[in-house]
1. As a footprinting exposure proxy, order 123, 135, 198 by other Cβ within 10 Å, with the fewest listed first.
2. Which order results if 257, 185 are arranged by neighbouring Cβ count within 10 Å, fewest first?
3. Beta carbons within 10 angstrom, averaged per residue: use that to sort the peptides 149-156, 109-116, 47-54, highest first.
4. Going by C-beta contacts inside 10 Å, put 73, 220 in order with the fewest on the left.
5. Straight-line reach from residue 193: which lysines have a Cα under 30 Å away, not including same-chain ones fewer than 8 places off?
6. For a quick protection proxy, order the peptides 139-147, 201-209, 38-46 by their average other-Cβ count within 10 Å, most packed first.
7. Cα-Cα over 22 Å: which of 41/222; 59/222; 22/59; 143/222?
Amino acid sequence: MIHALKDYIRFGSQLVTGWRTKHERWIADLRRTDLSPYFDKRHLTVLDLANGQLRPQYKILRGEGQQVYGIDIVNRPRHDWQSYASTIARAFYGRSLRADDLVIDDCLVCGDVSMLPFHGDSFDLVTSVAAFEHFLNVPTVLKETHRVLRPGGLLWALVHLFSSPSGGHNVSTSQVPLRTLPPGIEPWDHLRKQRLPFHVPLNQWRLNQYLGEFCKNFEIIKHYCALREGEHLLTSEIEQELSGYSRDDLTCGAYVIAARKRS
C-alpha cells in the first residue's frame, strides 16, 4: 500500500511538472514518424483502443485535428474517489497538452475491445498504447481491429512487455524506465519467485506471440523496441536463471508494432 501511494504521488508530480506530457508526446512522435510514409491524407478517422482513464493519446490525436473515437470499459460514468482523481489528472493533461478547450467526450464509447461496436471498414488508423498486454483474448481483439479498419488502414500498438522488469505491473510503473525496486524485492520477481501479486489483468504474452498473431491478420510494416529498462539490474546469475528469455526479452519495456490491413 505504501509503495502504491508513493507511485500515485510520483505520478501526480510528473503531471504537475509536465514530465508526463513530454512522455506522451514522445509516444505520439514515434507514431507519427512510423506512419507518416503510409498516409497520403492529412485528416484521419482514428480509433484509440482502450483509451484509459486519462486519455492522453486521445487528446493528442484530437488536438491534431483527427476524428478520434475512444473505446474502453472505463468510459462509463463513475462517482468514486478514483473517478474524481482521474478528472483532476485529465484537467492537468488537457492544460499541458493545450487540449482543455476541446470537446473530448462526445466520441468516447464504453465497450469491450473484443466486440467493437463499429461498422466494418470504418477507420484509417487504430492506435493502442500500453493496452495489448491487458487483453485476455488477443486473437479476437486483432480480428475485430482488422474488421473495423479500412483496406490499407494501419494499426499502431505500443506494448508493455510482460518479460520486462516492470511487466508484472506490481512494481513502480511511474518510473519510465524502471530504475528502483521496492525493498526486499528482487528484479524480475514476476518471472521468478512471484512474491508480489498481480493487481491488473495480464495475458503474459511474449514478443514472438504478439508478432505471430499480428502476422495472421496484418502485414507488419515495422517493429522495434522503443524503450529499454533494467539493464543495470540484469546480473549474469539472473540471466542464467531466466535463460528461457533472451536479453532483449528481459530489457525491452515498450515494443512497437506497426501493421497494415492488406488491400
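Since every read-out is calculated from the coordinates, none of them should be taken as a lab result. Computed from a predicted model, the values in this text were never measured in an experiment. Positions of Cβ are backbone-derived with ideal geometry, glycine not excepted, and every protein chain shown enters the neighbour counts.
1. Numbers: 123 26, 135 21, 198 13.
So the ranking, lowest neighbour count to highest, is 198, 135, 123.
2. Numbers: 257 24, 185 15.
Arranged by neighbour count, lowest to highest, 257, 185 become 185, 257.
3. Details: 149-156: 20.1, 109-116: 16.0, 47-54: 22.6.
Going from most to least packed, we get 47-54, 149-156, 109-116.
4. Values: 73 10, 220 13.
Ascending number of Cβ neighbours within 10 Å: 73, 220.
5. List returned: 6.
6. Numbers: 139-147: 18.6, 201-209: 14.9, 38-46: 13.1.
Going by the mean number of other Cβ atoms within 10 Å, highest first, we get 139-147, 201-209, 38-46.
7. 59/222
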